[in-house]
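K.L.:
Okay, here's the structure, questions in a sec.
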Amino acid sequence: MKTENGKVKTENGKFKKKFAIWFWSIIGAGIAAIVLVFWMITKGWLGYLPPLDELQNPKNKFATEVISSDMQLLGRYYRNENRVSVNYTDISPNMINALIATEDVRYYDHTGVDVKSLLRAVMKLGKAGGGSTITQQLAKQLWSPRANNIFERALQKPIEWVIATKLERLYSKEEILTMYLNQFDFLYNAVGIKSAAQVYFSTTPAELKLEEAAMLVGMCKNPALYNPRRRPENALNRRNTVLSQMQKYDYITEQMCDSLQALPIELKYQSVDHKQGLAPYFREYLRQVLTAKEPKKSNYSEWNMLQYDIDRRQWEENPLYGFCQKNHKPDGTPYDLYQDGLRIYTTIDSRMQQYAEEAVSEHMQELQKSFFREKRRKSYAPFSQDLTPEDIDAIMNRSMRQTDRYRALKKQGLSETEIKKSFNTPVAMRVFSYNGLIDTTMTPMDSIKWNKHFLRCGFMSMDAHSGAVKAYVGGTNFTHFQYDMVTSGRRQVGSTIKPYLFTLAMDEGMWPCDSTVNDSITLVDGNGVAWTPRDDHFANQYEMVTLNWGLEKSSNWITAYLMSLFTPEQLVRMMRSFGIEGQLDPVVSLCLGPCEVSVKEMVDAYTTFPNKGIRVEPLFVTRIEDNNGNILATFTPKTYEIISETTSYKMIYMLRNVMDHGTGVRARFRYGLKAPMGGKTGTSQNHSDGWFVGFTPSLVSGVWVGGEDRSIHFDNMSAGQGANMALPIWALYMQKVYADEELGYSVEEQFDVPEWFDAEAGCK
C-alpha cells in the first residue's frame with residue numbers, strides 16, 4: 001500500500017529522471033552541434049577556411065631590402081607595409097621569452113587552443129585575461145576577414161581555433177613564433193619585428209635589449225593604446241607589466257625586474273621614408289631600373305628617339321634593366337619589387353656614400369652662399385644677366401607648366417588665365433633652405449623662382465678595375481630636388497671632353513712631348529663654316545709647346561690643332577667606344593665639349609685610363625636573392641678594350657700633370673692631397689656647367705655642378721669654372737676616403753705603369 005509520502009517520492013524520482021534525460025540531451029545536442037560546426041568549418045562548408053596550400057605557404061607581403069657592400073641597410077621598397085622577413089635565430093631570446101610570458105605562457109604545451117585558459121576566460125568573463133593563444137592570434141592576423149554580420153562574427157573564433165590547430169600540425173613552435181613576429185604591425189610603417197626594431201630602437205631583432213623587447217611585446221596587446229610616441233606613460237606601464245610577467249614565470253629574477261622597471265623608455269626613433277636615409281637618389285635610380293618595362297617605340301616622342309635607342313639597348317644587354325619583368329617566380333608571375341621580399345646586394349659602400357653626401361653638402365652650402373651674394377638685389381636673379389625679361393618670363397611659364405599644381409588645376413578645368421592668377425596669389429608655404437625649411441608667404445610662381453636659385457649637383461665614384469659603384473649622389477636634397485643629375489641629367493661637358501681627343505692622338509702614334517706652335521687656329525666644318533676657338537693663354541702665344549702642356553693648361557688652341565689632324569667622325573667613334581651614348585654631332589667644335597653627357601658616362605669613360613686601356617661599365621648590384629635567401633641572379637661588369645696599354649700610360653702621364661701643374665692643381669695646394677692622381681676640369685660655354693673627373697690608381701669619381709637651367713649660372717668665370725664649382729667636392733670626398741684606413745685606399749698606392757715606359761720616348 002502506497003503512502004502519500006511514497007507517492008511524492010516516486011513522482012520526484014520520475015521528474016529527476018526526465019530532467020536528467022533532457023539535460024544531457026541538451027548537453028549532447030550542444031556538443032553535437034559544436035562538433036558539427038567545427039566539422040563543417042574543417043570541410044570548408046561553413047565560413048572561410050584557407051586551402052591547405054595557402055596554409056602551407058601564407059601569402060605574406062615582404063618589402064625588398066637594398067643592402068650596401070658593407071652589409072648596411074640602405075632602404076626598402078614596399079607599397080603599404082614595411083615588412084621584412086627575419087629568421088627565428090635572428091630574433092633575440094628576450095623577445096621570445098617576453099612574448100610567451102605575456103601572451104601565452106603555456107605556448108609549448110597546447111596544440112593551438114589552450115583549453116584551460118579558454119575556460120578561465122569564460123568563467124571569469126575575461127577579467128583574468130583572454131584565452132587566445134599566439135597561434136590563434138597569428139591565424140586572426142593572416143586569415144580572419146572582416147565580419148559583415150552577427151553570424152560571421154560568431155564564426156570568427158571557431159574558425160580561428162580550427163586554423164590554429166592546423167597551423168600547429170604544419171609548423172614548428174619556433175616557426176609559428178617567427179611568423180607571428182614577422183606579421184605584427186607595430187605602427188609607423190614598422191610591420192614585423194625587424195622593421196620595429198629599426199624604427200623604434202635603431203637596432204636589429206637580434207640585438208634588442210630586454211627592456212626594448214618588453215616594450216614591443218607590450219604593444220602587441222594594443223599598439224595604438226600603448227604607442228610609446230603618443231602615449232609614453234601607457235607604454236611604460238605596459239612594458240613594466242610584461243617585465244612582471246617575465247619575473248612571474250622565472251624568465252628574469254626579481255632584482256632584474258625591479259632594475260629594468262626603473263628605467264625610462266629610451267626610443268631611438270627613425271621614421272621610415274624613402275626620401276630619407278643614405279643614397280636616396282641611388283635607390284630611386286635602382287627602383288626605376290629594376291621595374292623598367294620593355295621599351296615601346298610608340299611611347300617615345302619623335303624628338304626622344306635617341307633615348308628609345310638607349311633604353312632598347314639596356315633592355316637587350318643589361319640583365320638588371322627590367323629585372324622584375326624579365327624574371328618570374330615559380331608560379332610564373334613576374335617578381336614584385338614591393339612585396340616579394342627580395343634582397344638586393346649593391347656595390348655601394350655606406351661609408352663612402354656618407355663621405356660623398358657630406359662632401360656635396362659641405363661644398364654646395366658654401367658655393368650657394370657665393371651665388372646668393374652675387375645675385376643679391378639683381379632684378380634678373382637667379383638667371384644670367386644676358387637674358388631679357390621676355391626670356392625669363394618664357395622660362396618661368398615653362399617651369400610653371402611642369403608642376404603638379406599646374407596639372408591639377410588644369411584637370412579641374414581652369415583656364416590658362418585662371419591658373420596664372422592662382423600661381424601669382426600669395427599663399428602660406430614652407431620653402432627649402434640649407435638651414436631648414438622656412439615658413440613664409442609667397443606666390444607659387446615666386447617659390448619656383450626661389451627653388452631655381454639653388455645650384456644642383458651630381459657625383460659618382462666607382463672602382464676603376466671592378467666597376468663597383470661606391471657612392472652615388474644625384475643631387476643636393478632628394479626631398480626637394482628629385483631630378484637625378486648622375487644618370488638622368490645630361491649637361492655640356494666642356495673641357496672634360498679633351499682627354500678623348502688627346503687619347504685619339506696618342507693612339508694614332510703621337511706622344512705627350514710632341515710640340516706645335518701655340519697660336520690661334522681656324523677650322524672649317526663639313527658645311528664650309530669657319531670656326532676659330534678662343535683661348536686664354538696669350539702669354540704663351542707663338543711659342544712652341546708640347547701636347548702635354550696643351551692638356552695640362554686645357555688650351556683650346558692646342559685642342560683645335562689636334563682636331564685639325566682628325567675628322568669629327570673619328571672623335572665621335574672614339575667617344576662612343578668610351579661609352580658616351582648621348583647626341584654627338586660630328587662637327588669640329590665637338591672637341592671643346594658642347595655635347596651633353598651624364599656624370600655616369602663620364603666616370604665610366606675615365607676608368608679606361610687607370611685600367612690599362614680597358615673600360616669597365618659601372619656595376620650597381622652584385623646579386624639578388626629571394627625572400628628565402630636563394631640567389632636569383634648575380635651580376636658582373638662588362639669590360640671593353642678601348643686603347644692600347646701604351647696609350648693609357650701616355651694619358652695617365654698627361655692627366656697627372658693636369659693635377660700636379662695644371663687646372664687641377666687646386667686639389668694639391670688647397671686641399672693637401674698628396675696621392676698620385678689624374679683628372680680634368682671642365683667648364684661649358686658661359687660657365688653654365690662646372691665639371692671635374694678625377695682618378696687615383698683604384699678610384700674614379702666625377703662631379704657636375706650647375707643651375708637647374710643653363711641660363712642660371714655665376715656671372716663671372718672664376719666662380720663658375722669647374723675648378724671652383726666641381727673639383728672641391730671631389731677633393732673633400734677623397735680627403736675623407738683616405739682618412740678612413742678601413743676602406744683600404746692608400747695615398748701610397750701607385751699607378752700600374754711599367755718602369756720601362758718613358759713619356760718622352762717618342763720625341764727622342
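The values are calculated or read from the model by the stated rules, or taken from the named source; none is laboratory data. Keep in mind that this is a model prediction, so the values were computed, not measured. Glycine gets a Cβ as well: all are built from the backbone with ideal geometry, and neighbour counts include every protein chain shown.
K.L.:
Show the residue pairs meeting these rules: Cβ distance below 6 Å; 6+ apart or different chains; first residue within region 318-347 and at positive phi; second residue surrounded by fewer than 20 Cβ atoms within 10 Å (Cβ to Cβ) and of a type in the set (A, V, I, L, M).
P.N.:
GLY322/ALA292
K.L.:
Among the residues of region 693-704, is any under 30 Å from LYS375 (Cα atoms) and in contact with a Leu (Cβ under 9 Å, 6 or more places away or on another chain)?
P.N.:
yes
K.L.:
Which ones in region 567-592 are of a type in the set (A, V, I, L, M, F, W, C) and within 17 Å of ARG313 (Cα to Cα)?
P.N.:
Across region 567-592, the qualifying residues are PHE578, ILE580.
K.L.:
Let me ask another. Restricting to region 512-524, name every residue that is in a loop (DSSP other than H, G, I, E, B) and under 12 Å from ALA560 (Cβ atoms).
P.N.:
ASN518, ASP519, SER520, ILE521, THR522
K.L.:
Restricting the search to region 182-196, which residues are in contact with a Phe, Trp or Tyr (Cβ under 9 Å, 6 or more places away or on another chain) and among the hydrophobic types (A, V, I, L, M, F, W, C)?
P.N.:
PHE186, ALA190, VAL191, ILE193, ALA196 - these are the residues of region 182-196 that are in contact with a Phe, Trp or Tyr (Cβ under 9 Å, 6 or more places away or on another chain) and among the hydrophobic types (A, V, I, L, M, F, W, C).
K.L.:
Another one. Tell me whether region 367-376 contains one or more residues that are over 26 Å from the mean Cα position of the chain (by Cα), at pLDDT below 90 and within 27 Å of GLY690 (Cα to Cα).
P.N.:
No: region 367-376 contains no residue that is over 26 Å from the mean Cα position of the chain (by Cα), at pLDDT below 90 and within 27 Å of GLY690 (Cα to Cα).
K.L.:
How do the helices (runs of 4 or more DSSP H) wholly within region 279-385 filter down when requiring 1 or more residues that are under 22 Å from ALA726 (Cα atoms): which remain? Even if it seems obvious, please write down each step before you answer.
P.N.:
Values: elements: 280-290, 305-317, 323-326, 350-375.
Here the list reads 280-290, 350-375.
K.L.:
Need at least 3 residues that are hydrophobic (A, V, I, L, M, F, W, C) per element, so show me which helices (runs of 4 or more DSSP H) inside region 398-464 make the cut, counting only ones lying wholly within it.
P.N.:
By residue number, 444-452.
K.L.:
Taking the residues in region 253-281 that are in contact with a strand residue (DSSP E or B) (Cβ under 6 Å, 6 or more places away or on another chain) and at pLDDT 90 or above as candidates, determine which candidate is surrounded by the fewest Cβ atoms within 10 Å (Cβ to Cβ).
P.N.:
Ranking the qualifying residues of region 253-281, first place goes to LEU278.
K.L.:
So which pairs qualify, if the first residue must be in region 279-302 and among the β-branched types (Val, Ile, Thr), the second must be in a helix (DSSP H, G or I), the Cβ gap must be under 6 Å, and the two must be at least 6 apart or on different chains?
P.N.:
THR291/CYS324
K.L.:
Looking at (1) over 30 Å from PHE695 (Cα atoms); (2) in the same structural domain as TYR649 (by TED's automatic domain parsing); (3) loosely packed, with under 12 Cβ neighbours inside 10 Å, which one does GLY436 not meet, given that it meets all the others?
P.N.:
(2)
K.L.:
Taking region 586-595 on its own, how many of its residues are buried (at least 17 other Cβ atoms within 10 Å of the Cβ) and not in a helix (DSSP H, G or I)?
P.N.:
Of the residues in that region, 3 qualify.
K.L.:
Yes or no: GLY672 touching a residue at least 12 places away in the same chain (Cβ under 8 Å) and surrounded by 24 or more Cβ atoms within 10 Å (Cβ to Cβ)?
P.N.:
no
K.L.:
Considering each residue of region 297-352, count those that are at pLDDT below 90 and under 30 Å from TYR745 (Cα atoms), and give that number.
P.N.:
Within region 297-352, residues that are at pLDDT below 90 and under 30 Å from TYR745 (Cα atoms) number 0.
K.L.:
Moving on. Which of the numbered conditions does SER379 fail, given that it passes all the others? Conditions: (1) of a type in the set (Gly, Ala, Ser); (2) within 21 Å of THR636 (Cα to Cα); (3) surrounded by fewer than 16 Cβ atoms within 10 Å (Cβ to Cβ).
P.N.:
(2)
K.L.:
Further question: So PHE184 passes all but one of these: (1) in contact with a strand residue (DSSP E or B) (Cβ under 8 Å, 6 or more places away or on another chain); (2) aromatic (Phe, Trp, Tyr); (3) not assigned by TED's automatic domain parsing to the domain that holds TYR107. Which condition number does it fail?
P.N.:
Of (1) in contact with a strand residue (DSSP E or B) (Cβ under 8 Å, 6 or more places away or on another chain); (2) aromatic (Phe, Trp, Tyr); (3) not assigned by TED's automatic domain parsing to the domain that holds TYR107, only one is false for PHE184: (3).
K.L.:
Among the residues of region 182-215, how many are in a helix (DSSP H, G or I) and more than 26 Å from the chain's Cα centre (by Cα)? Lay out the reasoning, then the answer.
P.N.:
Going through region 182-215, the residues in a helix (DSSP H, G or I) turn out to be 182-183, 193-201, 205-207, 210-215.
From what is left, the residues that are more than 26 Å from the chain's Cα centre (by Cα) are 210-215.
Residues in region 182-215 being in a helix (DSSP H, G or I) and more than 26 Å from the chain's Cα centre (by Cα): 6 in total.
K.L.:
Turning to a different aspect of this structure: Give just the number: which of (1) without any contact (Cβ under 8 Å) to a residue 24 or more places away in the chain; (2) touching a strand residue (DSSP E or B) at 6+ places or on another chain (Cβ under 6 Å); (3) in the same structural domain as MET574 (by TED's automatic domain parsing) does THR634 not satisfy?
P.N.:
(3)
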